[in-house]
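Colleague: First the structure, then my questions, so here it is.
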There are 2 protein chains.
Amino acid sequence: MISGKNYIGEQLIAQGEKTYHSFDPKLNLPNQTSFTEATPEEINRAVNLATEAFQDFRTFSGERKAAFLEAIADGILELGDELIDTYCSETGLPSGRAQGERGRTVFQLRSFAELLREGSWVEATIDTAIPDRAPIPKADLRKMNIPLGPVVVFGASNFPLAYSTAGGDTAAALAAGCPVIVKSHPMHAGTGELVASAIVKAAKQTGMPNGVFSNLNSSGIEVGVQLVKHPEVKAVGFTGSINGGRALFDLAAAREEPIPVFAEMGSVNPVVLLPDALDRRASELAKTYAGSITLGTGQFCTNPGLILGLAGQGLDNFISHLSEEILKIDPSCMLHPNIIGAYENNKTSAQGQEGVEIVAQFEQEVAVNHARQTVTTVSGSIFKDNPRLHQEVFGPYSLVVQCENEAQLIEIIRQLEGQLTGTVIAEDGEARKYPGMIDALQNRVGRIIYNGVPTGVEVCPSMLHGGPYPASTDSRFTAVGVHSIKRWVRPFSYQSWPDELLPDELKNANPLGISRQVNNRWTDRPIN
Amino acid sequence: MISGKNYIGEQLIAQGEKTYHSFDPKLNLPNQTSFTEATPEEINRAVNLATEAFQDFRTFSGERKAAFLEAIADGILELGDELIDTYCSETGLPSGRAQGERGRTVFQLRSFAELLREGSWVEATIDTAIPDRAPIPKADLRKMNIPLGPVVVFGASNFPLAYSTAGGDTAAALAAGCPVIVKSHPMHAGTGELVASAIVKAAKQTGMPNGVFSNLNSSGIEVGVQLVKHPEVKAVGFTGSINGGRALFDLAAAREEPIPVFAEMGSVNPVVLLPDALDRRASELAKTYAGSITLGTGQFCTNPGLILGLAGQGLDNFISHLSEEILKIDPSCMLHPNIIGAYENNKTSAQGQEGVEIVAQFEQEVAVNHARQTVTTVSGSIFKDNPRLHQEVFGPYSLVVQCENEAQLIEIIRQLEGQLTGTVIAEDGEARKYPGMIDALQNRVGRIIYNGVPTGVEVCPSMLHGGPYPASTDSRFTAVGVHSIKRWVRPFSYQSWPDELLPDELKNANPLGISRQVNNRWTDRPIN
């Protein structure tokens, strides 16, 4: 049962007066539950509880935190069909997608549990004393990562499970030892409350302090603003629009004590099609890309919104095949009338720019809130001079740019804003003939892909999901994969600290058996 | 020979009209050389050259960059007495200090060279493909650190060698593969130019691209502001005052593309004296701390400016011994009339606060620009309620706070701003009786020291020099030790990338023999 209330720590509370409903885009009707936005007092209480909880939580062993994360994963699965049905009614996405995303969410939580049990993620670094060093003795120094403090997570509209309430940001922050306060996304407030109930239950089951997690309802910007400005909040995770992310970044930077904001924002994910590949595989590539552009109704941050090629027969063939293939795909529902509204507006604006030609647009009647996929094309020289065309159109849309020559292709890539991904499609040995293009692409993105599609973000340690601004506000950290834990920690040094008072990770005996860098060498052996 | 000009890449240029001189505080006279401030055109040219240089420099092997850093170290030593004499004439510091700091600078450069030759610092992480994974195949993903781009370094007034032109920030950024533009500190512009000449010479000798390093003269804020706002600058390192560091942080955060600013700023470095230690060792501790407070005329960011104890006989004894010991020390010269002016002002203001008592102040005549060391004391309840007393007095000054009880001590520590260090002085087994105090202290600092002094910052991997704001603008990174290289890099992922096009660090054969995390295990073996 969804209550519509806020979880302030373990307690369900709703003393506010502002209420709202989530929306079923397929039925084009509001869902039943009325959600009550958190009041300023409730927000304060959540942060204060998190601050208190941090005192204990930050000292908990990896084993204890791992048990907590696994209990959350189990709890999410136990929610069963109610979770899947709520998810579908709040997103218009099919149940297969809901199940897949639930699987990903559970996998992420368990990956962090595994990371914690193994324990070496704290990057323990030890330089032992040299009492007889001249001219002055060297003290014993030991360093490891410790948690930052309470973290605020803003759920993503397009990932109600994997990047919201118990998603990647939350899992990483809890793993680090940071209490989490979620600003629930209003579009999937019910999904959020269900997942929050699993987290709160898991926290109780595994003996976590009250306040280690809170879930706050919010329909506008007020709850988020108050959270980011609260002096006890020490970091923020966000997935969403550039405007939203930048606003939070600016708020956080203007605080008396500035705090990091990890905002993963927009990206057009440029794809470069090299000539030999086009000559050999235009039709196959067109089919693959028609699928990637329309996957999840184009509502992925890694959607290929910009395709770059050298003008010529090969690219013409590709455009014509892509137009055919993309029109074979059945239009699907977008997350919310506001999202499809923005899609239509941005598409109309992009299509209306001088020199832009529509090469494929689904024209038949579609069901309510279903998006018409669209492909457009433009010359390199026009694209180069019109920054409006460099902007993301969030949805099943892609723009093919026909560059005059390699020099123009490189110039265009250099002018792009920062991107999450860049993709190169090439025949064997072809890519090495374009070192300048590859250099330029690498400089603008966080992940570079060879002969694949940018959609599909693998959850593994070597994933970098992020990129130069505005793809993310901090290109130095990933939002996906276990290394995302590094966003929520700071290194801390102990000098000449007594062994008995050191955390286990740094004790001479190495009771956790973790890998440590001792006097410049990695080892899991104890120190004598 | 010091020319007074700017190094714009390899070229000595001075087309500006604004000139200034450095100052000899011992003679109380300006030094001879006239320095010409960089013009807006010269600044632009330096950044453009750095941007061009980055294209090649970022791809250079660890071996090549190591040779460059070592050539810089050799070049600094070859400057011989001219460097030491210039240093002394621009700082008023003794030649022993100059030589010691030169040794530290050279050691830092060589440490980074060693790190580069070993090579594992790039944190190579590889997850190999699983083509038959269900429901979808897993792609090959490989991640490593790559440099951010051109970096601006603001030299520190109090470390003309180790934290200025070729200091820790510069060495770390060059090691990472980032070209460096130094905004020279006006107080030691001559020292800066000499060191810059060694860097430029080393760059030529070792085949580095022109623009990998520039040194810009500057007497006011204009040069720094233009540098931080330049769109091609990708990160900033700064050591100095809170006002200066925060101003740069705010400028960088307000850019269209925000960039990281690593500012290492003020700190009072609280020291907690526990009762048993005071009972047993008040006199010895007083002697040690008299030395630490006056070391380098108190001009260290780790100077112990705040000493906390529980009111009682032990603390009274300590105060009385400290007063005696500190007056035995000969006053020494401060860096510049402006620095001693600020010291006198801040001291007067701190001493004038209600309830503050001066317990020791050097009263005899002192030479020009020599600072009178001072110790004051105040009760815990007054200190707690007067934030003015929490601020740093940069110089040979310390305030002893007499706390009523442990609860008040903890409350005071919790209210402190972020600090670089916290120190606990205790007898065997005593510290464990104060877990709340230690928790509170850990929460406010970057490094915690047991039975030592905060001055003396060891250059080693396990050093964390930094701390919660305002000790630094980003507590997640150290400014000292080889791990400071992490400030200038971002992780980057290659997906399904052909082996021949991967950087050596990620190739299957592991030609560099570095330690890599392959499928969750650290290994230096090749991948089959």
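Colleague: Would you confirm whether any residue within the stretch A:54-73 is in the same structural domain as A:Pro160 (by TED's automatic domain parsing) and at positive phi?
Modeller: no
Colleague: All but one of (1) open to solvent by 30 Å² or more (accessible area, probe 1.4 Å); (2) of a type in the set (A, V, I, L, M); (3) part of a helix (DSSP H, G or I) hold for B:Leu116; state the number of the condition that does not hold.
Modeller: (1)
Colleague: Tell me which residues, restricted to the stretch B:499-518, are in a loop (DSSP other than H, G, I, E, B) and either more than 7 Å from chain A (Cβ to nearest Cβ) or in contact with a Lys or Arg (Cβ under 8 Å, 6 or more places away or on another chain) (or both).
Modeller: Filtering the stretch B:499-518 for residues in a loop (DSSP other than H, G, I, E, B) gives B:502-503, B:507-515.
Selection gives B:Leu502, B:Pro503, B:Lys507, B:Asn508, B:Ala509, B:Asn510, B:Pro511, B:Leu512, B:Gly513, B:Ile514.
Colleague: Next question, about the same structure. Would you mention how many residues in the stretch A:398-453 are facing chain B (nearest Cβ under 9 Å) and part of a loop (DSSP other than H, G, I, E, B)?
Modeller: Selection size over the stretch A:398-453: 7.
Colleague: So B:Leu512 fits all but one of (1) within 14 Å of B:Glu123 (Cβ to Cβ); (2) of a type outside the set (Phe, Trp, Tyr); (3) within 29 Å of the chain's Cα centre (by Cα); what number is the exception?
Modeller: Failing condition for B:Leu512: (3).
Colleague: Restricting attention to the stretch B:371-388, which residues are open to solvent by 20 Å² or more (accessible area, probe 1.4 Å) and free of Cβ contacts under 8 Å to residues at least 40 places away in the same chain?
Modeller: B:Ser381, B:Ile382, B:Lys384, B:Asp385, B:Asn386, B:Pro387, B:Arg388
Colleague: Report the residue count in the stretch A:344-386 for those that are in a helix (DSSP H, G or I) and either among the polar types (S, T, N, Q) or farther than 27 Å from A:Pro275 by Cβ (or both).
Modeller: The number of residues fulfilling the criteria is 8.
Colleague: Here's a follow-up. Say whether the condition of being among the aliphatic types (A, V, I, L, M), outside any loop (DSSP other than H, G, I, E, B), surrounded by 20 or more Cβ atoms within 10 Å (Cβ to Cβ) and free of Cβ contacts under 8 Å to residues at least 60 places away in the same chain is met by at least one residue in the stretch B:95-104.
Modeller: No, because not a single residue in the stretch B:95-104 is among the aliphatic types (A, V, I, L, M), outside any loop (DSSP other than H, G, I, E, B), surrounded by 20 or more Cβ atoms within 10 Å (Cβ to Cβ) and free of Cβ contacts under 8 Å to residues at least 60 places away in the same chain.
Colleague: If you don't mind, another one. Residue by residue through the stretch A:462-486, note down the ones that are open to solvent by 10 Å² or more (accessible area, probe 1.4 Å) and either without any contact (Cβ under 8 Å) to a residue 24 or more places away in the chain or of a type in the set (Phe, Trp, Tyr) (or both).
Modeller: Hits for the stretch A:462-486 are A:Tyr469, A:Arg476, A:Phe477, A:His483.
Colleague: Which one is farthest from B:Thr59 (Cα to Cα) among residues in the stretch B:161-178 that are of a type in the set (Ser, Thr, Tyr) and open to solvent by less than 10 Å² (accessible area, probe 1.4 Å)?
Modeller: So the residue we want is B:Ser164.
Colleague: Looking at A:Val445, is it buried (at least 22 other Cβ atoms within 10 Å of the Cβ) and farther than 24 Å from A:Ala173 by Cα? If you could, list the steps in order and put the result at the bottom.
Modeller: Details: buried (at least 22 other Cβ atoms within 10 Å of the Cβ): yes; farther than 24 Å from A:Ala173 by Cα: yes.
It is true that A:Val445 is buried (at least 22 other Cβ atoms within 10 Å of the Cβ) and farther than 24 Å from A:Ala173 by Cα.
Colleague: Criterion first (among the acidic types (Asp, Glu) and in a helix (DSSP H, G or I)) does B:Asp132 satisfy it?
Modeller: no
Colleague: Can you go through B:Thr170, B:Thr191, B:Thr165 and tell me which one is touching a Pro at 6+ places or on another chain (Cβ under 8 Å), among the β-branched types (Val, Ile, Thr) and in the same structural domain as B:Glu42 (by TED's automatic domain parsing)?
Modeller: Details: B:Thr170 fails: touching a Pro at 6+ places or on another chain (Cβ under 8 Å); B:Thr165 fails: touching a Pro at 6+ places or on another chain (Cβ under 8 Å).
Criteria check complete, one pass: B:Thr191.
Colleague: Still on this structure, please answer the following. Restricting to the stretch A:124-139, what's the tally of residues that are out of contact with any helix residue (DSSP H, G or I) (no Cβ under 8 Å at 6 or more places or on another chain) and at the interface with chain B (Cβ under 9 Å from one of its Cβ atoms)?
Modeller: Residues flagged as out of contact with any helix residue (DSSP H, G or I) (no Cβ under 8 Å at 6 or more places or on another chain) and at the interface with chain B (Cβ under 9 Å from one of its Cβ atoms) within the stretch A:124-139 amount to 5.
Colleague: Among the residues of the stretch A:179-201, are any open to solvent by 10 Å² or more (accessible area, probe 1.4 Å), assigned to a helix (DSSP H, G or I) and within 14 Å of chain B (Cβ to nearest Cβ)?
Modeller: Taking every residue of the stretch A:179-201 in turn, none turns out to be open to solvent by 10 Å² or more (accessible area, probe 1.4 Å), assigned to a helix (DSSP H, G or I) and within 14 Å of chain B (Cβ to nearest Cβ).
Colleague: Give the number of residues within the stretch B:457-487 that are part of a loop (DSSP other than H, G, I, E, B) and more than 7 Å from chain A (Cβ to nearest Cβ). So that I can check it myself, show each step before the final result.
Modeller: Step one: of the stretch B:457-487, the residues part of a loop (DSSP other than H, G, I, E, B) are B:457-471, B:473-481.
Filter once more, keeping what is more than 7 Å from chain A (Cβ to nearest Cβ): B:457, B:459, B:465-468, B:470-471, B:474, B:477, B:479-481.
Of the residues in that region, 13 qualify.
Colleague: For B:Gln495, work out the one condition from (1) more than 8 Å from every other protein chain (Cβ to nearest Cβ); (2) in contact with a Gly (Cβ under 8 Å, 6 or more places away or on another chain) it doesn't fulfil.
Modeller: For B:Gln495, the exception is condition (1).
Colleague: Scan the stretch B:499-523 for residues that are of a type in the set (Asp, Glu) and in contact (Cβ under 8 Å) with a residue 40 or more places away in the chain and jot them down.
Modeller: So the first thing to find is which residues in the stretch B:499-523 are of a type in the set (Asp, Glu), and the list is B:499-500, B:504-505.
Answer for the stretch B:499-523, where residues must be of a type in the set (Asp, Glu) and in contact (Cβ under 8 Å) with a residue 40 or more places away in the chain: B:Asp504, B:Glu505.
Colleague: Name the pairs whose Cβ atoms lie under 6 Å apart, with the first residue in the stretch A:317-341 and within 26 Å of A:Ser219 (Cα to Cα), the second open to solvent by 60 Å² or more (accessible area, probe 1.4 Å), and 6 or more positions between them or separate chains?
Modeller: If the second residue must be open to solvent by 60 Å² or more (accessible area, probe 1.4 Å), the pairs left are A:Cys333/A:Lys26.
Colleague: Now for a separate question. If B:Val459 satisfies all but one of (1) farther than 21 Å from B:Arg104 by Cβ; (2) surrounded by fewer than 22 Cβ atoms within 10 Å (Cβ to Cβ), what's the number of the condition it fails?
Modeller: (1)
Colleague: Are any of the residues in the stretch A:149-156 over 14 Å from the mean Cα position of the chain (by Cα), at the interface with chain B (Cβ under 9 Å from one of its Cβ atoms) and open to solvent by 10 Å² or more (accessible area, probe 1.4 Å)?
Modeller: No - not one qualifying residue is present in the stretch A:149-156.
Colleague: Only residues that are touching a residue at least 12 places away in the same chain (Cβ under 8 Å) and not β-branched (Val, Ile, Thr): list them for the stretch A:345-366, please.
Modeller: Result: A:Asn346, A:Lys347, A:Ser349, A:Ala350, A:Gln351, A:Gln353, A:Glu354, A:Gly355, A:Glu357, A:Ala360, A:Gln361, A:Phe362.
Colleague: In the stretch B:42-71, how many are open to solvent by 50 Å² or more (accessible area, probe 1.4 Å) and either touching a Ser or Thr at 6+ places or on another chain (Cβ under 9 Å) or of a type in the set (A, V, I, L, M, F, W, C) (or both)?
Modeller: 3
Colleague: Among the residues of the stretch B:389-442, write down those that are under 17 Å from B:Leu278 (Cβ atoms), open to solvent by less than 10 Å² (accessible area, probe 1.4 Å) and among the small types (Gly, Ala, Ser).
Modeller: Selection gives B:Ser398, B:Ala426, B:Ala431.
The values are calculated or read from the model by the stated rules, or taken from the named source; none is laboratory data. Just so you know, these numbers come straight off a predicted model, no measurement behind them. For neighbour counting, all protein chains shown are included, and Cβ atoms are generated from backbone atoms with ideal geometry for every residue, glycine included. Keep in mind that these areas ignore ligands, DNA and RNA; they rest on the heavy atoms of the full protein, side chains included. Shrake-Rupley method; radii C 1.70, N 1.55, O 1.52, S 1.80 Å.
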